[in-house]
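Notes follow the structure.
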Amino acid sequence: MTSGIRFLMCSPDHYDVDYVINPWMEGNVHKSSRDRAVDQWQGLFHLLKDCAIVDLVNPQLGWPDMVFTANAGLVLGKDVVLSRFYHKERQGEEPHFKQWFAEQGYKVHELPKELPFEGAGDALLDREGRWLWAGYGFRSELDSHPYLAKWLDIEVLSLRLMDERFYHLDTCFCPLANGYLLYYPPAFDSYSNRLIELRVPESKRIAIEETDAVNFACNAVNVDRTIILNKASDDMKQRLAAIGFAVIETPLTEFLKAGGAAKCLTLRVTEPVRVELHASATVESRVVRIDGHLLDSGLINQALDLIVDGGGSFQVLNFNLGEQRQSTSSAEVKVTAPSHEVMESIVSQLIALGAVPPPQEVCDINTETVTLPGVAPDDFYVTTIYPTEVRVNCEWVKVQKQRMDAAIAVSDTANGSTAECKVLRDLQVGDRVIVGIEGIRTVRKAESREQRNTQEFSFMGAGVSSERRVELVVEQIAWEMRQIRDQGGKVVVTAGPVVIHTGGGEHLSRLIREGYVQALLGGNAIAVHDIEQAIMGTSLGIDMKRGVSVRGGHRHHLKVINTIRRSGSIAAAVDQGILTNGVLYECVRNNVPFSLAGSIRDDGPLPDTQMDLINAQADYARLIEGADLILMLSSMLHSIGVGNMTPAGVKMVCVDINPAVVTKLSDRGSVESVGVVTDVGLFLSLLVQQLEKLTSPYRIAQTV
Ligand code: ARG
């Protein structure tokens, strides 16, 4: 026996697998042998006695997992934080452990009720005593970590567990003497892995393989240069030997059936305090409020999932359930995150869901001044498509020119403060840009049950739509376009060249002619192919009537470009009688403005094509302004560009044969996007047919 190191163990007199509270116990209920368990436990007990003193706590009938004394609490010096078990199956162990600690003269700290923390199973001291690694995600709540920091006066580093097989930190993580660390990286999220890598230099990190991890090789007891564990591969033993550790294997298979091994069966009760170190925890909490049809629309689930997926944890402080079908609910949720960085990323996503700071909490946003033209301060708030308001001098100010992927610049004017979205390149030195997440809210319209139902019917989600469903959606879109036209609204079409290749050109031309389109956005290609078809009857050299390629046809589009270049512009070609039909012809004839944004692969380009992309973006933005509906027809690039500059509230219909494009565009999380997976030529012909069938409700009203 060496040193004065002490461990606490509990003999397995009442040990069994009686219930299932972790994946290892599944299929093992009453399948363990008590005799073998006793033998294996004795094996460990004697090994430990060779290098330390072992204290015993009395086993209790009815609490079979009490053998796992690691979960009794967390000891540092003469302080112990008692466990609060997550599962009721183990909660009865608490008073017995509490009594033992009290009798030994420890100062026992007890966490608030409903705040689970499972002791040294989820909290491991760096073996140099520099800090405490604390796990969360399954058994222990992140909110318990600040208590550990406070009571034990130590720095706490929070690690998030991701794999339910490794539900306690000590199942996949084992700090060793001399600053080494044995661990299984895939058990942690990427943020935690980064934290580990920041604290432990590569030469000191021993990452193990899954085959060792599932043998509980990380669930090891380390005393000086000795590591006691259930089983380890030769490779792992060699790696440990190379850095001076001797591995002693002792079979603990009966305990594996309950999800524990060497480390779980022991609790080190002599942990030296390093007096020069003091408490710190990066864990942050803040309260947000969410309103809406929280239950019906799944908004609350979405918010809570987002918190957990983002690496945080939550506590629902109160929930006011709307009682009527039409009434909304509201909830106050306390969000906890392991660091400021994680908190900001979670809360900015919650803001996009419509979460707001509790009333009166924040009086002002934080801003920083732009010092380099076109460059925002590091921590700038990135905008979404949702109407946004920001808190300035305790007032909510509406943000102008809402769009996504911009920064918000605020300025003081004679009539108070204003805020507007600015893309990076437009930022000027001296602009005050909002940083962080304080005092920002987005306004999300609460959808009614009815809206959600129609949305379900029309929204194709990620799925490929069936023929009939396409027809239904087209009916709806046609109806809507008719209404917009009759009310003098605005429909913008973004179109790719596929519209022409698939024979949709004549239908789109007709829509323009009949006043259904108020602006057309596209690239060089749609115009070139449209004009090629108008002048030569081919599209990329294919005869559009007969569907066969025309000899030498591949040169047609260049001939056409040349012709228009000679005219000077598309409009001039129309005036000169050179261009007499087609999509662009109709635009010119009907005074429908269009913008053609250039790209690296453009032939020509046509004189109308805007090759300065910043100008092209500005043109697009101008033409989109005030749109009620945007039809995106088979053009991924131009449609995504448009999507980014369009605020929520504008209905977007995205038609593409490729479901990925449709999902990408309709997945803005906004109620107003509809995706249709189909051939765009077919879609346009159905749309024209539907519009023909429709009689305007206003016209009926007039005739009656
Ligand atoms: N069956 C026990 C449980 O699920 C096993 C505890 C293992 N202990 C540990 N420190 N990993 O709680």
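Do me a favour and compute the ellipsoid semi-axes for the stretch 72-178 from its Cα gyration tensor, root of five times each eigenvalue, largest one first, whole Å.
They are 20, 18, 12 Å, listed largest first.
At 7 Å along Cα-to-Cβ for each site, give me the label-to-label distance between V20 and N58 in nm.
Spacing of the two 7 Å Cα→Cβ label points: 3.5 nm.
In the stretch 472-571, which trypsin sites (Lys or Arg not before Pro) are in a loop and have at most 15 other Cβ atoms within 10 Å, using DSSP for the loop call?
Filter output for the stretch 472-571: K545, R546, R551.
Over 18 Å apart: what share of the alpha carbon pairs of the stretch 250-327 falls there, rounded to a whole percent?
More than 18 Å apart: 68 percent of the Cα pairs in the stretch 250-327.
Report, ordered by chain and residue number, the lysines lying within cross-link reach of K231, taken as a straight Cα distance under 17 Å and ignoring same-chain residues fewer than 8 apart.
Within reach: K257, K263.
For R566 and D603, what does the FRET efficiency come to when R0 = 22 Å and r is the distance between their Cβ atoms, rounded to the nearest 0.05?
Working: r = 15 Å, r/R0 = 0.70.
The calculated FRET efficiency here is 0.90.
Using all alpha carbons of the stretch 1-40, what is the percent of pairwise distances in each 10 Å bin, ordered from the shortest bin to the longest?
25, 37, 24, 14, 0
Enter the angle in degrees (range 0 to 90, nearest 10) between the Cα long axis of helix 34-49 and the first principal axis of the Cα atoms of the chain, meaning the one along which they spread out most.
80
Starting at the first residue of the stretch 580-595, write each ³J(HN,Hα) from the Karplus equation 6.51 cos²θ - 1.76 cosθ + 1.60 with θ = phi - 60°, in whole Hz, x for Gly and Pro.
Using θ = phi - 60°, the values come out as 10, 6, x, 5, 5, 4, 5, 4, 5, 4, 9, 6, 8, x, 9, 9 Hz.
Residue by residue, what Karplus-based ³J(HN,Hα) values in Hz, rounded to whole numbers, does the stretch 601-614 have, using 6.51, -1.76 and 1.60 with θ = phi - 60° and x for Gly and Pro?
Karplus values, whole Hz, x for Gly and Pro: 9, 6, 8, x, x, 5, x, 7, 6, 8, 8, 8, 5, 5.
Can you tell me the alpha carbon radius of gyration of the stretch 279-402 divided by the globular rule-of-thumb value 2.2 N^0.38 Å?
1.16
For the stretch 1-145, just list the percent of Cα-Cα distances falling in each 10 Å bin from zero outward, please.
11, 37, 39, 13, 0
Among DSSP beta bridges lying fully in the chain, give the percent that are antiparallel, nearest 5.
Of those bridges, close to 55 percent are antiparallel.
Which order do Y106, Y386 fall in if you start with the one that has the fewest other Cβ atoms within 10 Å? Show your work: numbers first, answer last.
Working: Y106 18, Y386 23.
Neighbour counts put them in this order, fewest first: Y106, Y386.
Compute the length gained on full extension between V275 and R34: take 0.36 nm times their separation in residues and subtract their Cα-Cα distance, giving the result in nm to one decimal.
Additional length available on full extension: 82.4 nm.
If the cut-off is 13 Å between C-alpha atoms, which aspartates and glutamates fall inside it for K545, apart from same-chain ones fewer than 8 positions away?
E506
For labels at V308 and E89 in the simple 7 Å Cα→Cβ model, what's the distance in nm?
Label at V308, label at E89, 1.8 nm between them.
Quick one: net charge of G577's neighbours, Cβ under 15 Å, K/R +1, D/E -1? Present the calculation step by step, with values, prior to reporting the outcome.
Numbers: positive: R566, R589; negative: D575.
Here the charged neighbours net out to +1.
Given contacts defined as C-alpha pairs under 8 Å and at least six residues apart, what's the relative contact order of the chain, whole-number percent?
Working: 1478 pairs, mean separation 63.4, N = 704.
Averaging sequence separation for qualifying contacts and normalising by length gives 9 percent for the chain.
Across every pair of different alpha-carbon atoms, what Kirkwood hydrodynamic radius in Å does the chain reach?
Roughly 30.1 Å, rounded to one decimal.
Output the 0 to 90 degree angle, nearest 10, between the alpha-carbon long axis of helix 467-486 and the longest principal axis computed from the alpha carbons of the chain.
So the inclination is approximately 60 degrees.
Just the number, please: Stokes-Einstein D of the stretch 222-275 in µm²/s, Kirkwood Rh from C-alpha pairs, 4 °C, 1.567 mPa s.
For the chosen part, D equals 102 µm²/s.
Enumerate the lysines that K113 could reach by cross-link, defined here as Cα to Cα under 21 Å, with residues fewer than 8 away along the same chain left out.
K88, K98, K150, K334
What's the FRET efficiency of S330 with Q476 using the Cβ-Cβ distance as r and R₀ = 35 Å, to the nearest 0.05? Before the final figure, lay out each step's value.
Details: r = 32 Å, r/R0 = 0.92.
Rounded to the nearest 0.05, the efficiency is 0.60.
Counting every Cα pair in the stretch 598-688, what percent are over 15 Å apart?
The answer is 62 percent, as a whole percent.
Given the stretch 94-156, what whole percent of its Cα pairs are spread farther than 18 Å?
Counting pairs separated by more than 18 Å, the tail of P(r) holds 39 percent.
Gap in Å between the Cα centre of the stretch 79-116 and the Cα centre of the stretch 673-690?
If you average the Cα positions of each part, the centres end up 65 Å apart.
Once phi is turned into ³J(HN,Hα) by the Karplus curve 6.51 cos²θ - 1.76 cosθ + 1.60 with θ = phi - 60°, what whole-Hz value does each residue of the stretch 136-151 show in order, with x for glycine and proline?
Couplings: 8, x, 10, 9, 10, 8, 4, 4, 6, 4, x, 5, 4, 4, 5, 5 Hz.
Please sort 170-176, 378-384 by packing, taking for each peptide the average over its residues of neighbouring beta carbons within 10 angstrom, highest first. Numbers along the way, then the final one.
Working: 170-176: 26.4, 378-384: 18.4.
Going by the mean number of other Cβ atoms within 10 Å, highest first, we get 170-176, 378-384.
Bear in mind that the values in this text are calculations on the coordinates, not laboratory data. This is a predicted model, so every value here is computed, not measured. Cβ sites come from the backbone with ideal geometry, for glycine too, and all protein chains shown count toward neighbours.
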